[in-house]
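> The structure under discussion is supplied below as structure tokens; questions concerning it will follow.
The values are calculated or read from the model by the stated rules, or taken from the named source; none is laboratory data. Bear in mind the structure is a predicted one, so any value in this text is a computation, not a measurement. Ideal geometry is used to build each Cβ from the backbone, glycine not excepted, and the neighbour counts take in all protein chains shown.
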Amino acid sequence: MKLFFQNKFLYKSAKKPRVPWFSILGALSSILWIIAGLSFLITFSVLSSEQVVIFLNIHTTADNYSSIKMVAIVYLFLIILLSTLSLLFFLFDKDKNLKNFKVQFLIINIISFNILNIIMTIWLAFKNKDLENFEYTKKYKKNRFLYFLGWRKWKTFDIALVGIFVSLTVILAYVDGILPNLPNGGGIALKYIPLMVISFLHSFLAGFFTGLISSLIGILFVNSSIVSGWSFLLDYLLPMVTPAIVGLMKFDVTKDRDVKTYINYFLHTFLVLLIILFWQTLSGVLIWNQLYPDDVWQGYSPIYYSLTYNFLHLFIFSYPIIQVVTPIAYRSLSTVYNDKFSHFSITY
């Protein structure tokens, strides 16, 4: 009888696992942010451009009213999208291993300006023991971070791997140049695919060096439109090293393809292209608008024109291809690389 009640108690305990407080708080915070984003989106859609500018307390000329309203609506869409991804992750986090994806969450919550989730993510990052009572020592956490960063002894294979991916990046950059492009440059950007793959397989520094070397070689062998040092920095160097952040957002692709896996696939591509969009939009406003002011659409601000133009070439032409190819490359290459060449477990 005693054994029966013990088994019954264990069965009930197994049926009702305890949900961590941070999952509940994070889900509620994400829901609140989604509701707030939808409310502002509906409000801004109903208001006129002038009313939106007055509401945001922005002092500018009447020519920029429509551009500011459009940028505000796009940003609200972005907040809703990223908050929805956070909510899905909290809801489907059956393993309660959110802390292993803290870099992804920190980036998307900074972009969506969700203060509560930012504070919670930072708290998880500095917590000294695992939420499942498995102790992660400071030394282990430090070694794991340094390994993913690439701060370790490199062998001949590591250097050769960077050389191989530099070659792939330069070749694809050349292919990008002969494919159909927009009138003022920019089209399908295949060159970011190998940069993301090597960052995921090896480390942040491997992706950074691959992007750095590729951007320098591209000046010599690939058609480029560089008018100044700032142009090289914003149009070539920073976009080429941006995919290295993937090295800090690793996850185990050998597990079952659950919702979290697909969310991570999406976040890798989306966040990389979003940051590249920021660099290239900044370049368009600060450099190209000053050189070719007549190319800006009449009645629209340079920010709106540059944002729309770069969004077309990155998210309409490039994003679908990169989003399809990178998960296939991750699944195909990561298992082989981790089994034969990696000396640190990334299985969470």
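> Given the options L233, L248, name the one that is of a type in the set (A, V, I, L, M, F, W, C), within 23 Å of F165 (Cβ to Cβ) and in contact with a Phe, Trp or Tyr (Cβ under 8 Å, 6 or more places away or on another chain).
After applying the criteria, what remains is L248.
> Continuing with this model, one more query. Among the residues in the stretch 169-184, are any modelled with pLDDT under 75 and either within 23 Å of L212 (Cβ to Cβ) or in a loop (DSSP other than H, G, I, E, B) (or both)?
Kept after step one, since they are modelled with pLDDT under 75, are these residues of the stretch 169-184: 183-184.
From what is left, the residues that are either within 23 Å of L212 (Cβ to Cβ) or in a loop (DSSP other than H, G, I, E, B) (or both) are 183-184.
Yes, the conditions are met somewhere in the stretch 169-184.
Yes/no matrix, rows are residues, columns are (1) crowded, with 22+ Cβ neighbours inside 10 Å; (2) in contact with a His (Cβ under 8 Å, 6 or more places away or on another chain); (3) assigned to a helix (DSSP H, G or I); (4) modelled with pLDDT under 85:
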| residue | (1), (2), (3), (4) |
| --- | --- |
| Y236 | yes, no, yes, no |
| M240 | yes, no, yes, no |
| G247 | yes, yes, yes, no |
| K255 | no, no, no, yes |
| Y265 | no, no, yes, no |
| F270 | no, no, yes, no |
| F278 | no, no, yes, no |
| S283 | yes, no, yes, no |
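> A further question follows. Taking interchain pairs and intrachain pairs at least six residues apart, which have beta carbon atoms under 6 angstrom, with the first residue in the stretch 70-90 and more than 13 Å from L38 (Cβ to Cβ) and the second among the hydroxyl-bearing types (S, T, Y) and surrounded by fewer than 19 Cβ atoms within 10 Å (Cβ to Cβ)?
Cβ pairs passing all conditions: F90/S23.
> Does L195 count as buried (at least 23 other Cβ atoms within 10 Å of the Cβ), in contact with a Pro (Cβ under 8 Å, 6 or more places away or on another chain) and either outside the structural domain of S167 (by TED's automatic domain parsing) or closer than 17 Å to F165 by Cβ (or both)?
yes
> With respect to S345, is the statement that it is crowded, with 16+ Cβ neighbours inside 10 Å and at pLDDT below 85 true?
no
> Pull out all pairs, ordered by first then second residue, where Cβ-Cβ is under 6 Å, the residues are six or more apart or on different chains, the first lies in the stretch 314-340 and is closer than 23 Å to L182 by Cα and at pLDDT 90 or above, and the second is part of a helix (DSSP H, G or I) and of a type in the set (V, I, T).
Within 6 Å, the pairs are I322/I193; I322/T269; Q323/T269; V325/I193.
> Now for a different question. Of everything in the stretch 96-126 that's at pLDDT 65 or above and part of a loop (DSSP other than H, G, I, E, B), which residue is nearest to T84 (Cα to Cα)?
N114
> Taking the stretch 21-45 only, how many residues are hydrophobic (A, V, I, L, M, F, W, C), out of contact with any helix residue (DSSP H, G or I) (no Cβ under 7 Å at 6 or more places or on another chain) and modelled with pLDDT of 85 or more?
Residues flagged as hydrophobic (A, V, I, L, M, F, W, C), out of contact with any helix residue (DSSP H, G or I) (no Cβ under 7 Å at 6 or more places or on another chain) and modelled with pLDDT of 85 or more within the stretch 21-45 amount to 5.
> Also, quick follow-up: When you scan the stretch 67-84, do you find a residue that is modelled with pLDDT under 85, among the small types (G, A, S) and farther than 22 Å from W123 by Cα, even just one?
yes
> Follow-up question, since we're still on this one. Give the stretch 198-230 a look and list any residue that's surrounded by fewer than 14 Cβ atoms within 10 Å (Cβ to Cβ) and either free of Cβ contacts under 8 Å to residues at least 12 places away in the same chain or not assigned by TED's automatic domain parsing to the domain that holds V325 (or both), or say none.
Scanning the stretch 198-230 gives L220, I226, G229.
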